[in-house]
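All remarks here apply to the structure that follows.
Where a number appears in this text, it was derived from the coordinates with a stated rule and is not lab data. Predicted, not measured: the structure shown is a model, and the values here were computed from it. Note: ideal-geometry Cβ built from the backbone for every residue, glycine included; neighbour counts use all protein chains shown.
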Amino acid sequence: MTNSRLLTAKSLIVLCVFLASVVTVGSQWQSLSWPAFRDARIQSEPSGDQAPVISFDFIPSILTEQVHAASLVELEDGMIRAFWYGGTREGAKDVAIWTAVLDPQRHKWTDAQVAYTRHELAAGLKRYIRKLGNPVPVRFSDNRLGLIFVSNSVGGWAMSMLNLVVSNDEGKTWGEPTRMITTPFANLGTLVKGAQVDFEDGSTGLPVYQELAGAYSQVLRLNSDGKVLGLARITDGGDAIQAVVLPSSPKNAVSLMRYRGGAPERVVKSYTSDSGEHWSAMIRTTLQNPNAAVAAVRLDDGRILVVFNDSVDERDNLTLAVGDVDAQSWQVIHVLENEPVAEQKDKRKIEFSYPFLIQTRNGDFHLVYTWHQKKIKHVFFNKAWLESKL
Amino acid sequence: MSLHDAIGLFGSLLVVLVLAFQILRRLKLSQTVRAWLLPVLVMVLVYSAQGAALLYVRGLLGDLSMTSLALLCAALWYQLFDQKLLKSEQAAPVFFTVAVVGLFFYPLALRYTMLDPYIAGFGSLVLLAGVLLVGLLLWFRGYLFALGLLTAGLLAYVFDLLESDNLWDYLFDGWLFLISIFVLLKTIGRCIYYKIRGIPAA
């Protein structure tokens, strides 16, 4: 290209506008950095004279044939709101996101209600939506309650995307949906399962996972408007999804993940020392894992309380354990469910899966999980009960 | 309707119109007929069944990049008025750049290794340096159309015109990558054919 052609007015104008746009983008990006974790561990009072309590119930009046992927959030008034998806069957067009609220003092649930439907999402996003999936609530730094849930417009779960709705009344009503763009090919492939982590700058971290071309875990960072601020890859390849991220300090955390690879089938873990921006190669733990989701919280003494299927091939049991993830030493403290498939004479589906565990501000624990895909089972136990088992 | 939705649906509309007129070209309709057909098709697509066809297409394809939108506009113009808004030598660098970048970008971004280039689109100055380099190369080579598309993508990002918060999604998309690969393979195939036949390339 000769200099005379380069120096035409048109050429110089295009170049100047290009350079100006690069500088503008650069000035926006210059201030971006990956923040440290905020320590969100519950620093509750010692249990003292508290009587140990553990209780089991089902979320009542489940009005759909199948339910799955429940999650929980503590509301500002101390109530516990649960979300799950339910319909004729997984992936059916009638699947909606459902919700119910527990009064933990009275141990009483409200009736299940529809929180969001496929039609509402399609109307809000101005696009065709085929089915809905996993919902996970988030509490933003401005205290608004968000609900992130999976949808897709074509194909299977591998072609999913994430949507966000925000409530100003603790989940009674929801605003217009927005889509979260998290992958480069038609925004396909992202799902969500694990509970949020918080960052010091007020942004929210959400463990997500990809299933379009591989199967790997990520941390998504977003602000309270649902704007995606960044992504970090926890694993690569095709083996580990549905991470639970457990910070131990502003810089350090471990993630526990469902493992889809070959034998030995174990929950896998990965470490970060820069607040989740980079992660170590994954390592197998000693916890068995039949390609199933796990749930965990970090206790205030640094140990991890984990809920997992203690099996290599079936989700026919659900177990509570406490341990030191670094030392790979785990103590089983309670078997929540155990119906070995091999011992069943009938052909009914046995499944205890997709646990979701939270610790509330007063130190109590609430767990929900899929019970044979027919009901959502809820387990409550207090700190005194946990301490009595250790 | 938000601006994001308007632009997203506009992209779906362009895709349907380009495909429709590609089919209609076989009927050898006159330019006048084609020009009158355009608003009729737009009205049908937008207003019938509350735009269900466009909503469906948007659900399938997602939202397109600024580069795709610009190329679709140029393609539609050609189909309506038989005028090429851009010559092959202007479009070729776009397809070539997208194809070459995409061949590295998509495997890494969708699965392989811990190096995910898509992450850089949320705020990496290294990516921006790369964009600057590519832009200067395009300018130096005189590929002003391609540079214009790159600039349009950057400006659209600055003004938040698309749903995405990632710069990559403004510059190109998966569908453009697939078309670019097709164009690249077709070009390579044609060159090999001419070489085998001993025909000088046009």
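See the values below:
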item	result
Rounded to the nearest 20 debye, dipole of chain A from Cβ charges on Lys, Arg, Asp, Glu	1400 debye
Neighbourhood charge, 15 Å Cβ-Cβ cut-off, centred on A:Ser224 and excluding it, Lys, Arg +1 and Asp, Glu -1	-1
Percent RCO, i.e. relative contact order, over the stretch B:1-154, from Cα pairs under 8 Å lying at least 6 residues apart	25 percent
Modelled FRET efficiency - R0 35 Å, B:Leu80 with A:Cys16, Cβ distances, 0.05 increments	0.60
A:Ser280/B:Ser88 FRET efficiency (R0 41 Å; Cβ-Cβ; nearest 0.05)	0.25
Sparsely packed trypsin sites (Lys or Arg not before Pro) within the stretch A:166-217, loop by DSSP, other Cβ within 10 Å at most 15	A:Lys172
Whole-number percent relative contact order across the stretch A:80-219, with pairs defined as alpha carbons under 8 Å at least 6 apart	16 percent
FRET efficiency, 1/(1 + (r/R0)^6) with R0 22 Å, evaluated for B:Ile188 and B:Arg141 via beta carbons	0.65
Sorted by Cβ neighbour density within 10 Å, fewest at the top, the residues A:Lys131, B:Lys186	B:Lys186, A:Lys131
Contact order normalised by residue count of chain A, Cα under 8 Å, 6+ apart, percent	15 percent
30 Å Cα-Cα threshold exceeded, pairs from A:Lys108/A:Lys251; A:Lys108/A:Lys227; A:Lys345/A:Lys383; A:Lys193/A:Lys227; A:Lys345/A:Lys389	A:Lys108/A:Lys251; A:Lys108/A:Lys227; A:Lys345/A:Lys383; A:Lys345/A:Lys389
Computed label-point distance, nm, for sites A:Asp39 and A:Lys349 using a 7 Å Cα→Cβ extension	4.4 nm
Computed log₁₀ I(q)/I(0) - Debye formula, equal Cα scatterers, no solvent, the stretch B:134-202, q 0.23 Å⁻¹	-1.02
Inter-centroid distance (Cα atoms) of the stretch B:70-87 relative to the stretch A:61-94, Å	50 Å
Distribution of pairwise C-alpha distances over the stretch A:188-288, 10 Å bins, in %	17, 51, 27, 5, 0
Residue exposure sequence - A:Thr110, A:Thr178 - by fewest surrounding Cβ within 10 Å	A:Thr110, A:Thr178
With Cα atoms, 0 to 90° folded angle of helix A:9-29 axis to chain A main axis	30 degrees
Stokes-Einstein D (µm²/s) once Rh is taken as the Kirkwood radius of the protein assembly as shown over alpha-carbon pairs, at 10 °C in 1.306 mPa s	61 µm²/s
